[in-house]
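Contents: one structure, followed by commentary.
The values are calculated or read from the model by the stated rules, or taken from the named source; none is laboratory data. Just so we're clear, the structure is a prediction, and the values are computed from it rather than from any experiment. Quick reminder, even Gly has a Cβ in these numbers, built from the backbone with ideal geometry, and neighbours come from all protein chains shown.
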Amino acid sequence: MIPKEDDNLEFAIKIFKTSILVFKDRERYVSGEFRFRKGHCKGNPRKKVKLWAEKEVRNLKRICMSGKIKAPWPYYLKNNVIVMEFVGKNGVAAPRMKDALTSMTMEERDKICPQLYYDLCIMMRNLYQTCKLIHGDLSEYNLLYYEKEIWMIDVSQSVEHDHPMSLDFLRRDCCVINEFFKKNNVFVLTTLKLFDFVTDITLEESSEGDRLSELLQEALKGYSQEVLEKDKVFEQVYIPRSLQ
């Protein structure tokens, strides 16, 4: 329900396109996911776009309710239209992370990017461990930077752990995020080390910050050729559906 008591509250409206061409590559994000086994419709584009909007709302609510990740709260869903919390102020939307960093000086980027990378690694772990989700399309274009914090958006393609391609999606997210921050002069983890950090179920929540700091110190010292070769193999190897 949309709140009425606050006249200063701003909203964003997201409209999902009904063109079937938009969804030609998105079948794999819905097919095989238990939550949408009854609503999945391969042949009807209108039903498919409605399902896509519903998936975004469910994922956003789960992320927001975790209390660990910033994301816009979805207030209202009608067919392919979502009314959600506006991330920004006075009608000016928060910039995407890519645009926010581009607008900074090189000195500002060098100062802020290591912390942003740290925060995003923790965010990816919280998404996986607490929300039981993998973003599936995580990049500098699907993250907002507002009031010195990262906000996660565009989660309609996010999947649960039981999705047959969930770990492949997670590996790709790790690759994309690492590549972006590497271009911004951050000493990043290898794809495998970031993947393991996100999925490690033995790591206590109280220890995850210290563990990540240790891993980043290793990255700062530089990896051996053997570790880098192992990482190249991991980026292409088949990942079993279950890590257990």
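May I ask you to say which residue of Leu203, Leu192 is at pLDDT 95 or above and either crowded, with 22+ Cβ neighbours inside 10 Å or in a loop (DSSP other than H, G, I, E, B) (or both)?
Details: Leu192 fails: either crowded, with 22+ Cβ neighbours inside 10 Å or in a loop (DSSP other than H, G, I, E, B) (or both).
That would be Leu203, the only listed residue that is at pLDDT 95 or above and either crowded, with 22+ Cβ neighbours inside 10 Å or in a loop (DSSP other than H, G, I, E, B) (or both).
Hey, among Tyr141, Tyr145, Tyr75, Tyr118, which residue is of a type in the set (Phe, Trp, Tyr), more than 11 Å from the chain's Cα centre (by Cα) and outside any strand (DSSP E or B)?
Details: Tyr141 fails: more than 11 Å from the chain's Cα centre (by Cα); Tyr145 fails: outside any strand (DSSP E or B); Tyr75 fails: outside any strand (DSSP E or B).
Just one listed residue meets the conditions, Tyr118.
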Across the stretch 148-177, what is the number of residues that are buried (at least 22 other Cβ atoms within 10 Å of the Cβ) and either more than 17 Å from the chain's Cα centre (by Cα) or free of Cβ contacts under 8 Å to residues at least 24 places away in the same chain (or both)?
0
The stretch 73-94, subset within 30 Å of Glu208 (Cβ to Cβ) and in contact with a strand residue (DSSP E or B) (Cβ under 6 Å, 6 or more places away or on another chain), residue surrounded by the fewest Cβ atoms within 10 Å (Cβ to Cβ)
Trp73
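Assess whether Val92 counts as being in contact with a Phe, Trp or Tyr (Cβ under 9 Å, 6 or more places away or on another chain) and either in contact (Cβ under 8 Å) with a residue 24 or more places away in the chain or of a type outside the set (Asp, Glu) (or both). Quick ask: steps written out before the conclusion?
Values: in contact with a Phe, Trp or Tyr (Cβ under 9 Å, 6 or more places away or on another chain): no; either in contact (Cβ under 8 Å) with a residue 24 or more places away in the chain or of a type outside the set (Asp, Glu) (or both): yes.
Spelling it out, it is not the case that Val92 is in contact with a Phe, Trp or Tyr (Cβ under 9 Å, 6 or more places away or on another chain) and either in contact (Cβ under 8 Å) with a residue 24 or more places away in the chain or of a type outside the set (Asp, Glu) (or both).
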